[in-house]
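Visitor: Just passing along the structure, written as C-alpha cells.
Just so you know, all these numbers are worked out from the coordinates, no wet-lab data involved. It should be emphasised that the depicted structure is a prediction, and the values quoted were computed from it without experimental measurement. Here the Cβ positions follow ideal geometry from the backbone for every residue, glycine too, while neighbour counts run over all protein chains shown.
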There are 14 protein chains.
Amino acid sequence: MDKIHLALICFAAATSIGLTGLGAGIGMGRGVESACMGIARNPEAKGPITTTMILGMALIESIAIYGLVIAFILLFANPFKDMLM
Amino acid sequence: MDKIHLALICFAAATSIGLTGLGAGIGMGRGVESACMGIARNPEAKGPITTTMILGMALIESIAIYGLVIAFILLFANPFKDMLM
Amino acid sequence: MDKIHLALICFAAATSIGLTGLGAGIGMGRGVESACMGIARNPEAKGPITTTMILGMALIESIAIYGLVIAFILLFANPFKDMLM
Amino acid sequence: MDKIHLALICFAAATSIGLTGLGAGIGMGRGVESACMGIARNPEAKGPITTTMILGMALIESIAIYGLVIAFILLFANPFKDMLM
Amino acid sequence: MDKIHLALICFAAATSIGLTGLGAGIGMGRGVESACMGIARNPEAKGPITTTMILGMALIESIAIYGLVIAFILLFANPFKDMLM
Amino acid sequence: MDKIHLALICFAAATSIGLTGLGAGIGMGRGVESACMGIARNPEAKGPITTTMILGMALIESIAIYGLVIAFILLFANPFKDMLM
Amino acid sequence: MDKIHLALICFAAATSIGLTGLGAGIGMGRGVESACMGIARNPEAKGPITTTMILGMALIESIAIYGLVIAFILLFANPFKDMLM
Amino acid sequence: MDKIHLALICFAAATSIGLTGLGAGIGMGRGVESACMGIARNPEAKGPITTTMILGMALIESIAIYGLVIAFILLFANPFKDMLM
Amino acid sequence: MDKIHLALICFAAATSIGLTGLGAGIGMGRGVESACMGIARNPEAKGPITTTMILGMALIESIAIYGLVIAFILLFANPFKDMLM
Amino acid sequence: MDKIHLALICFAAATSIGLTGLGAGIGMGRGVESACMGIARNPEAKGPITTTMILGMALIESIAIYGLVIAFILLFANPFKDMLM
Amino acid sequence: MDKIHLALICFAAATSIGLTGLGAGIGMGRGVESACMGIARNPEAKGPITTTMILGMALIESIAIYGLVIAFILLFANPFKDMLM
Amino acid sequence: MDKIHLALICFAAATSIGLTGLGAGIGMGRGVESACMGIARNPEAKGPITTTMILGMALIESIAIYGLVIAFILLFANPFKDMLM
Amino acid sequence: MDKIHLALICFAAATSIGLTGLGAGIGMGRGVESACMGIARNPEAKGPITTTMILGMALIESIAIYGLVIAFILLFANPFKDMLM
Amino acid sequence: MDKIHLALICFAAATSIGLTGLGAGIGMGRGVESACMGIARNPEAKGPITTTMILGMALIESIAIYGLVIAFILLFANPFKDMLM
C-alpha cells in the first residue's frame, strides 16, 4: 500500500470534477428548462431569452471549469510532485 | 493488497463519469421536459425551441464530457504512470 | 486478500454504469412524462413532440453510454492489465 | 478472508442492477403516470400516447438492460476469471 | 471469519432485490396513483387506462424481476461456486 | 468472531424485506391516496377505482413478496448451508 | 467479542421492522390524509372512502407485518440456532 | 470490549423504536394536517373526519407499537439471553 | 476501551429519543400548520379544529414518549445491568 | 484511548439535543409560517391563531425538552457513573 | 492518541450547536418568509404579524440556545472533568 | 498520530460554523426571497417589509454567530488547552 | 502517518468554506430568483427590489465570509501552531 | 503510507471547490431560470432583469471563487509546507 497516495490524488481529481459537474448539471438544466418554456410562451422574445440563457449558462459553466482546472492541476501540475516520488 | 492503488484509480474514473453523468442526466431531463411541453403549448415555436434545447443540452453534455475526459486521462494518460509500476 | 483489487475494479465498473444509469433513468422519465402529457394536450403536435423527445432522449442515452463505455474499458481493455497480474 | 474478492464481485453485480433499476423504476413510473393521466384527459389520443409511452419506456428499459448486461458479464464472463482462481 | 464471503453473497442478493424493489415500488405507486385519478376524472376511459397501466406496470415489474433473477443466480447458480468451497 | 457470518445472513434477510418494504410502502400509500381522493371526487366510479387500486396494489405487493421470498430463502433454504457449518 | 453475532441478529430484527415500518408509516399517512380530505369534500361518500382506506391500509399494514414476521423468525425461530451456540 | 454485544442490543432496541417512530411520526402528522384542514373547510363533517382520523392513526400507531414490541423483546425477553452471559 | 459499552448504551438512549423526536417534531409541525391555517380560513370552527389538533398531536406525542421510555429503560432499568459490571 | 468512553457520552448528549432540535426547529418553523400567513389573511382571527400556535409550539417544544432532559441525565445524572471511573 | 477524547468532546460541542442551528435556521427562515409575504399582502396587519413572528422565532431561537447550552456545558462545565485528566 | 487530536479540534470548529452556516444560509435565502417578492407585489409596503426582513435575518444571523462563537472558543479559548500539550 | 494531522487541518479548512458555501449558494440563488421575477412582474419597483436583494445577499454573503475566516484562521493563524511541529 | 497526507491535502482542495461549486451551481441555476422566465413574461424589462441577474450571479460566483481560493492556497501556498517535507 505504499503507492495508495497516488490513487487518492486521482480520486481527488475525480471528486473535484464530479461534485462541480453535479451542481452545474442540475443548475444548467434549470436554465434550459426556463428558456424553452419562455420561448414557448413568448416566441417573440426568443432573442433576449437565448442571450440571457447563454450568458447565465456560461457563468454556470465556469463553475465546472473551476473543478476541471483543479482536477488538471492535481494531475498534471501537482505542487507536491517532488515529494510524491 | 499491493496493487489496490490500481483498482482505486479505476474507481476514481468511475466516480468521475458517474457523478457528472448523474448531474447531467437530471439536468438534461429537465431540458427535454420543457421542450416537449413547450412544443405542445405552442407548436409554431417548434423551431426556436428545438434550437434552444439543443444549444442548452450541448452545454450540459459538455459537463459529462469533462467527466469522461478526466476518466480517460486517469486510465490512459495517467500522469503518475511511471510511479505506479 | 491478495486479489481484492480485481473485485474492486468490477465494483468500479458497476458504479460507473450504476450512477450514470440512475441519472439517465430519472432524466429520461421526465422526457417520457412531458411527451405523453404534451400529446394528450395537443394531439396534433404528435410529430414534432415525438421527434424532440427522441432527439433529447438520445442525448441523455449518450450519458448512460459513456458510463457503459467506461465500464467496458475497465473490464475488457483495462490499461493497467499488465500490472494487475 | 482469502475468498472475499469473489463475494465482492457478486456485490458489484448486485450494485450494477440495483442502481440502474432504481433509476429506471423511478423514471418509468413517471412514464406510466403521464400516459394514464393523458388518456384520462384526452381518451381519443390513446393511440399516440401509448406508442410514445412504449417508445420512451423501451429507451429507459435499455438503461436497466445495461446494468443487467454488466451484472451478467461480471458473473459469467468475468474478464479477470483466470486471475481469480 | 473464514466464511464471511458466503454471508456477503447473501447480502449481495438482498441488495439486488432490495434496490430494484425500492425503485419499482416507488415507480409503480405513481402508476396506480395516476390510473385511479384518471378513472375518477373520466370513468368512461376505464378500459384504455387500465390497459395502459397494466402494460406500463409490467414493464416496471420487469425491473424487479431483473433484480430477482440476479439474486437467484447469486444464490442458486453462482458462477464462482467451485471456488467458494 | 467465528460465527459472525450467520448474523450477517440474518442481516441480509432483514435488508431484503426492509428495502422492498420501504419502496412498496411508499408506493402503496400513493395508491390508497389516489383511490380515496378519486372516490371523493366521483363516488359513482367507486367500482372501477377500487378494482384498479386492488389490481395495482397487488402488483406492488408482489415486490414486497419478492423481498420476503429472498429473505425466507436466505434463512430456511440457504444454498450455502452445507458450507456454513 | 465472541458473542457479537448474537447482538447483530438483534440488530437485524430491529432493521427489519424499522425499515418496513418507516415505509408503511409514510404510506399509511398518505392514506389517512386522502381519506380525511375526501370526506371533507364529499361527506356523503364517507362509506366507500372509509372502506377503501381500510382495504388499502390493510394491504400496507401487511408490509409492516412481513417485517415483523422476519423479526420474530430471526429472534424466536432462527434457523441457524444450532450453529449459534 | 467483551461486553460490547450487550450495548449493541440496546442500540438495536433504540433503532427499532427510532425508525418506526420516525415513519409513524411523519405519517401521523399528515393525518392531523388533513383532519384539521378538512374540518376548517367543512365543519359539519367533523364527526366522520375525526372518526376516520382516529381509525387511520390507530393503524399507524400500530406500526410504532410493533417497533416498541421488538424493542421490549430485545431488552426484556431476549431469546438469546442464555447465550449472552 | 473496556468501558466503551457503557458509552454505547448512552448513545443508544440518545438515538432513541433523537430519531423519534425528529419524526414527531416534523409531524407535529404539520399539525400546528394546518390548525392555524384552518382557523384563519374558518374562525368559527376554532373549537373542533383545536380539539382535533390536540387529539392528533397527543397521538404523535405518544411516539416521542415511546422513544423517551426506551431511553429511560436503557439508562435506569437496563435489563443487562447485572452483566454490565 | 482509555477515556474515550467519556467523550462518547458527551457525543451522545450532543446527538440527543441535536436530532430533537433539528426536528423541533423544522416543525416549529411550519407553525410560525402558518400563524403569520393566517393573520395576514384574516387579521381578526389573531387571538385564536396565536393561542393555537403557542399551544402547538409548546407541544413541539416539549420534544426538544425531552432531548435536553436526556442530555442532562447523560451528563449530570449518568446512571453508570459508578462504573465509569 | 491518548488525548483524542478531548478532541471528541470538542467535536460533540460542535455537533450540538451545528445540528440545532441547522434545524433552527431552516425553521426561522420559514418564519421570516411568511412574515414578509403576509405584510406584503396585508400591510395593515403589520403589527400582529411582527409580534407573532418575534414570538414564534423566539421559541425557535430557544432550540438553538439549548444546543448552545449543551455545547458550553461540554466545554466549560464538563461533569467528567475530573476523570478526563 | 500523536497530534491528531489537534487536527480534530480544528475539524470540530469547521463543523460548527459549517452546519450552522448551512442552515442559516438556506433560511436567510427564504427571507430575501419573500422580501423581494413582497416588494414586487406591494411596493408601498417596502418600509415594513424591509424592517421585518432585517429583524428576522438578524435573528437567523445569530444562529451563525453561535456557530462562530463555538468555533472561536474551540480554537482560541479551548478549555482543555492545558491538557492538550 | 506522522504528518496526517496537517492534512486533516487542510481538510477542515475545506469543510468550513465548503459547507458554508453550499448553504450560502443555495440561499443566494433564491434571492436572485425572487429579485428577477419581482422585477419582471413589477418593473417600476426595480429600485427597492435591487436594494433589498443586495442588502439580503450581503447578509448571506457574510455567512460564507465566516466560513472563509475560519478557513484562513485554521491555515494561517492556527492557534495550535506551536504544538503542531 | 508515509505520503498519504499529501494526497489528503489534494483531496481537501477538491472538496473545497466541489462543495462550493455544488452550492453555487444550484444557486446560479435558479438565477438563470428566473431571468429567462421573467424576460418571457415581460420582455420590456430585459435590461433591469439582466442587470440584476448578473449582479446576483456575480455574488454567487464569489462563493465559488472563495472555494477556488482555498483550493489554490492549499495547493500552492500551503502554510504547512515546511512541515510537510
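Visitor: If I fit a long axis through the Cα atoms of helix E:4-41 and take the longest principal axis of the Cα atoms of chain E, what angle between them do I get, 0 to 90°, rounded to 10?
Guide: So the helix axis and the longest Cα principal axis differ by about 0 degrees.
Visitor: Going by how many other beta carbons lie within 10 Å of each one, how would you line up I:SER62, G:SER16, fewest first?
Guide: I:SER62, G:SER16
Visitor: Next question. Neighbouring Cβ atoms within 10 Å as the yardstick, rank A:LEU55, G:LEU59, D:LEU74 fewest first.
Guide: Going from least to most buried by this count: A:LEU55, G:LEU59, D:LEU74.
Visitor: For the stretch F:4-77, treating each Cα as an identical point scatterer without solvent, what Debye log10 I(q)/I(0) comes out at q = 0.27 1/Å?
Guide: Taking Cα atoms of the stretch F:4-77 as identical point scatterers yields -1.09.
Visitor: While we're looking at this one, here's another question. Angle, helix D:46-76 long axis vs. longest principal axis of chain D, Cα atoms, 0 to 90°, nearest 10?
Guide: 0
Visitor: Please list the equivalent ellipsoid semi-axes of the stretch D:32-74, computed as the square roots of five times the alpha-carbon gyration tensor eigenvalues, in descending order and whole angstrom.
Guide: 31, 8, 4
Visitor: Comparing K:GLY29, K:GLY67, K:GLY18, which has the greatest mean-square fluctuation in the GNM of chain K with Cα pairs linked when under 10 Å apart?
Guide: Greatest mean-square fluctuation among the candidates belongs to K:GLY29.
Visitor: Which one, B:GLY47, B:GLY56, B:GLY38, has the greatest fluctuation when you compute a Gaussian network model over chain B with C-alpha springs under 10 angstrom?
Guide: Among B:GLY47, B:GLY56, B:GLY38, the largest GNM mean-square fluctuation belongs to B:GLY47.
Visitor: While we're here: Find the all-direction average of the projected area of the Cα convex hull for the protein assembly as shown, expressing the result in square nanometres with one decimal place.
Guide: Mean projected area for the protein assembly as shown: 40.5 nm², to one decimal.
Visitor: On to the next question. Determine the sum of side-chain charges near M:PHE76: Lys and Arg each +1, Asp and Glu each -1, restricted to other residues whose C-beta is under 14 angstrom from that of M:PHE76. Each step should come with its number before you reach the end.
Guide: Numbers: positive: M:LYS81, N:LYS81; negative: N:ASP82.
Counting the neighbours of M:PHE76, the net charge comes to +1.
Visitor: Please arrange G:THR50, L:THR52, H:THR20, N:THR51 by counting, for each residue, the other beta carbons lying within 10 Å of its beta carbon, fewest first.
Guide: N:THR51, G:THR50, L:THR52, H:THR20
Visitor: Per DSSP H run of n ≥ 4, the term is -39500 (n - 2.57); total these for the protein assembly as shown, divide by its residue number, and report the mean residue ellipticity at 222 nm rounded to 500 deg cm²/dmol.
Guide: About -30500 deg cm²/dmol.
Visitor: How charged is the neighbourhood of J:ILE9? Take every other residue with its Cβ under 12 Å from the Cβ of J:ILE9, and add Lys/Arg as +1 and Asp/Glu as -1.
Guide: Residues near J:ILE9 contribute +3 overall.
Visitor: Determine which lysines satisfy two conditions relative to D:LYS81: a Cα distance under 16 Å, and not lying fewer than 8 residues away in the same chain.
Guide: Hits, sequence-local ones excluded: C:LYS3, C:LYS81, D:LYS3, E:LYS81.
Visitor: Here's something else I'd like to know. Report relative contact order for chain F in percent, whole number only (criteria: Cα-Cα under 8 Å, sequence separation at least 6).
Guide: The value is 50 percent.
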